[in-house]
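Since the structure comes first, as structure tokens, the remarks are kept for the end.
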Amino acid sequence: QVQLVESGGGLVQPGGSLRLSCAASGSIFRPYTMAWYRQAPGKQRELVASITSGGSTNYADSVKGRFTISRDNGKNTVYLQINSLKPEDTAVYYCNLDHSGVHYWGKGTLVSVSL
């Protein structure tokens with residue numbers, strides 16, 4: 001089993017920044033892709049960004065240029081640097097680990113963007 005624990009969410013004003021972290025533990029075998037998803041109230045969960053074991057990244061169009069995903073393979077940790085936050089970024093952000101099509105999820109961390 002794999003456990004994922006997110007941290008770093010909070011309340012921030014528009015234009016602000018946050019750094020989310022997700023630490024993976026348990027039976028982790030490389031290679032695996034890690035990703036961040038988010039789910040806003042009343043909306044479906046959507047992919048925000050992903051990063052492969054080799055460091056290849058992918059971003060949703062809505063966050064390109066503002067969000068940066070990175071990972072530390074030695075620590076089995078993935079990060080999401082979020083800049084220039086907008087009210088529409090408000091959501092629960094979930095960490096995901098994909099190992100050969102088997103997905104694991106964290107419990108999520110809330111990011112709230114408001115004055």
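The values are calculated or read from the model by the stated rules, or taken from the named source; none is laboratory data. As the structure is a computational prediction, the values presented were derived from the model and not from experiment. All Cβ positions, even for glycine, are placed from backbone atoms using ideal geometry, and neighbour counts span all protein chains on display. For accessibility, only protein heavy atoms count, side chains too; no ligands or nucleic acids. Shrake-Rupley method; radii C 1.70, N 1.55, O 1.52, S 1.80 Å.
Hey, does the range 83-97 have a residue that's assigned to a strand (DSSP E or B), surrounded by fewer than 17 Cβ atoms within 10 Å (Cβ to Cβ) and either on the phi < 0 side of the Ramachandran plot or charged (D, E, K, R) (or both)?
So the first thing to find is which residues in the range 83-97 are assigned to a strand (DSSP E or B), and the list is 91-97.
Subsequent filtering for residues that are surrounded by fewer than 17 Cβ atoms within 10 Å (Cβ to Cβ) retains none.
Checking the range 83-97: not a single residue is assigned to a strand (DSSP E or B), surrounded by fewer than 17 Cβ atoms within 10 Å (Cβ to Cβ) and either on the phi < 0 side of the Ramachandran plot or charged (D, E, K, R) (or both).
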Practice task
Give the residues of the range 7-21 that are out of contact with any Lys or Arg (no Cβ under 9 Å at 6 or more places or on another chain) and open to solvent by less than 40 Å² (accessible area, probe 1.4 Å), sorted by residue number.
Solution key: 9, 10, 12, 16, 18, 20, 21
Practice task
Could you list, in sequence order, all residues of the range 98-115 that are farther than 14 Å from residue 17 by Cβ, open to solvent by less than 60 Å² (accessible area, probe 1.4 Å) and more than 15 Å from the chain's Cα centre (by Cα)?
Solution key: 99, 101, 114
Practice task
Output the residue which, of all residues in the range 60-82 that are basic (Lys, Arg) and open to solvent by 30 Å² or more (accessible area, probe 1.4 Å), is nearest to residue 9 (Cα to Cα).
Solution key: 71
Completion exercise
A careful count of residues in the range 22-54 that are open to solvent by 30 Å² or more (accessible area, probe 1.4 Å), part of a loop (DSSP other than H, G, I, E, B) and either of a type in the set (A, V, I, L, M) or under 12 Å from residue 79 (Cα atoms) (or both) gives 1
